[in-house]
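Each remark here refers to the structure printed beneath this line.
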Amino acid sequence: MGLIFFFSSQPYEQQDLRPTMNLYMNLDFIKPVLSLIEFTYYGETINIESRGVDGMLEFLIRKAAHLTVFFFLMITTFLAFHHNTGWGLKGKLIVSYMITVLYACLDEYHQSLTPNRTPYAGDVVLDSIGGLVGVLLILLFYVRKSTEKR
C-alpha cells in the first residue's frame, strides 16, 4: 500500500517512461505488434497513431502495472489474514478482496489530489481485475492442495 501511495503521489512527468525507453533502445522493432492494437480508453482512442510507439508501449506498461500491483496487494492481504486470523478461506478471500477494491478507489481519489494526474474509474476496474486474478490463483492453489490430499 505504501508503494502504491508513493507512486500515486508523483506527478505524471516524474513517471514518464518514454524518455528512458527512447534513450536506451530503438522501439521500431515493436511497431508491427503495437500497430495491431487499437481501443478506446477514457474516451480516447489508444493506438500508435495517436500516441506513438513509445507512448503506446508506456500506456500498456502502466496499465499492466495496475493489474500486477493490485494482484500482489490481494495476495499479500490474504496472506496477512491467513497467518494472523482464524478465519475460514471464504472470509479471508472476501475481506482481502474488499480491501483491495477499497484501496483501488482510495488510490484514484488520491490521484485526484496529485498535480497532472487524473482519477479514472476504469483504473479501479483494472485494479479490481488484478485483485480478482489473485482470488482465482488462491482458489486454484487451495483446490489443487485439497485434491492432492485425497
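Derivation of every value follows stated rules applied to the coordinates shown; laboratory data play no part. This structure is a prediction, so every number in the text was calculated from the model and none was measured. Cβ coordinates were reconstructed from backbone atoms using ideal geometry, including for glycine residues, and neighbour counts include every protein chain displayed.
Data for the structure
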read-out	value
Computed over the stretch 1-122: relative contact order in percent, which uses C-alpha pairs under 8 Å that are six or more apart	34
Interchain or long-range residues, amide H under 5 Å from residue 41's placed H	46
Choice from 139, 36, 67 with maximal GNM fluctuation in the chain (Cα, 10 Å cutoff)	36
Chain lengthening between residue 133 and residue 40 when straightened (0.36 nm per residue, less Cα-Cα)	31.2 nm
Tail weight of P(r) past 27 Å, computed on alpha-carbon pairs of the chain, percent	36
Separation in nanometres of the label points that stand 7 Å from Cα toward Cβ, at residue 114 and residue 147	4.1
Lysine pairs with alpha-carbon atoms under 21 Å apart, the chain, spacing 8 or more or separate chains	4
Whole-Hz couplings from phi, Karplus 6.51/-1.76/1.60, listed for the stretch 117-133; x for Gly and Pro	10, 10, x, 8, 4, x, 5, 5, 4, 4, 4, 5, 5, x, x, 5, 4
3J(HN,Hα) from dihedral phi, the stretch 49-57, Karplus parametrisation 6.51/-1.76/1.60, rounded to Hz, x for glycine, proline	5, 8, 10, x, 4, 5, x, 5, 5
Stretch gain in nm, segment residue 18-residue 64, where the contour uses 0.36 nm per residue and the Cα spacing is subtracted	15.0 nm
